[in-house]
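Here, each number is a calculation from the coordinates, and none is a lab measurement. Predicted, not measured: the structure shown is a model, and the values here were computed from it. Glycine also receives a Cβ, built like all others from the backbone with ideal geometry; neighbour counts cover every protein chain displayed.
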Amino acid sequence: MSGAPARLDPPEAGEAFGAAEFRAAIGASEAQMADLERFRVLLGEWNERMNLVGPSAMAEFWLRHAFDSAQLLALAPDAKIWADLGAGAGFPGLVLAILLKGVEDAHMHLVESMAKRCRFLQAVVDDLGLPVTVHNARAEDLTLKVHVVTARACAPLNRLLGYARPYLGRDVTALFLKGQDVEVELEEATRYWKFQAELRPSLSSVQGRIVELRRLARV
């Protein structure tokens, strides 16, 4: 496989989900799996020195982080240029960049305001030779031309839309990974914003949702 996953199959409730299950679920290549495993190792090493992810994250890497991120490619299979706002530990941005590595003209922008997290992101990008630019900046201070803007665990939707507004041009799609309270967040956001949105179920968690959003404007 090169680029977007050939398929994305949700795991059965309660079943084990490791590297083999991830590869089977999305049809990842051997090279992509090697890069993802290297990312996992680097994340563990850096996490001992700084708080990138919670204590349970490493045990849940393949399902709650890698698979959760990878599912976005199936929603935008033709998108080449992405921006991940509040990139943090690299989910979903680094996972998507690994899966897009080798795709002609593909590029990921990782936008992160904390310098120490940017150092981690850049270290992974350099180690794996990924098609990525790391921006140590506030998301709302940049204007990047992209096909898709994404974020996970960045901010409540009302604030997140303010961060994403500079990126959301006419033909740009937002794909935001959200939790079970997303409907409350959507309702609150409509007080301040006009947009077209569709809620999609997450394949990685029964509580998760993906907000697919376009045509953002102030009320």
Relative contact order for the chain, counting Cα pairs under 8 Å that sit 6 or more residues apart, in percent
18 percent
Taking H as built 1.01 Å from N, whose amide H comes closer than 5 Å to the amide H of VAL132, not counting residues under 5 places away?
MET108
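Where in the chain are the DSSP H helices whose alpha-carbon span along the long axis reaches 24 Å or more and whose Kyte-Doolittle mean is at least -1.0? Don't skip to the answer; put the middle values down first.
On the way: long enough: 30-47 (25 Å, -0.41).
Both cut-offs are met by 30-47.
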Approximate spin-label separation ALA16-ASP126, in nm, with each point projected 7 Å along Cα-to-Cβ
3.7 nm
Just rank HIS135, HIS109, fewest to most, by other beta-carbon atoms within 10 angstrom.
HIS135, HIS109
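Please give the calculated 222 nm ellipticity per residue for the chain, where each DSSP H segment of at least 4 residues contributes -39500 (n - 2.57) and the sum is spread over every residue; nearest 500 deg cm²/dmol? Numbers along the way, then the final one.
Working: 6 runs with 64 residues, N = 219.
After summing the helix terms and dividing by residue count, I get -9000 deg cm²/dmol.
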With θ taken as phi - 60° and the coefficients 6.51, -1.76 and 1.60, list the Karplus ³J(HN,Hα) couplings across the range 207-217 in order, rounded to whole Hz; mark glycine and proline as x.
7, x, 9, 10, 8, 9, 9, 9, 6, 8, 8
From fewest to most C-beta neighbours within 10 Å, the residues ASP84, ASP181 line up as ASP181, ASP84
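Sorted by mean Cβ packing within 10 Å, highest first, what order do the peptides 94-100, 136-142, 68-74 take?
Details: 94-100: 27.0, 136-142: 15.6, 68-74: 22.9.
The peptides rank, most packed first, as 94-100, 68-74, 136-142.
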With springs only between Cα atoms under 10 Å apart, run a GNM on the chain and tell me which of ALA87, ALA16, ALA34 wobbles the most.
ALA16
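Determine the gain in length on full extension of the stretch ALA115-GLU37; use 0.36 nm per residue of separation and subtract their C-alpha separation, reporting nm with one decimal. Provide the component values of the computation, followed by the final result.
On the way: separation 78, 0.36 × 78 = 28.08 nm, distance 2.43 nm.
Here the answer is 25.6 nm.
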Convex hull of the range 34-164 built on C-alpha atoms - directionally averaged projected area, nm²
7.5 nm²
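Nearest 5 percent is fine: what portion of the DSSP beta bridges confined to the chain is antiparallel? Walk me through the intermediate numbers first.
Details: 13 of 32 bridges.
For the chain, the DSSP antiparallel bridge percentage is about 40.
For the range 108-219, what is the Kirkwood hydrodynamic radius in Å, using each pair of distinct C-alpha atoms?
Values: mean 1/r = 0.0669 Å⁻¹.
After inverting the pairwise mean of 1/r, the radius is 14.9 Å.
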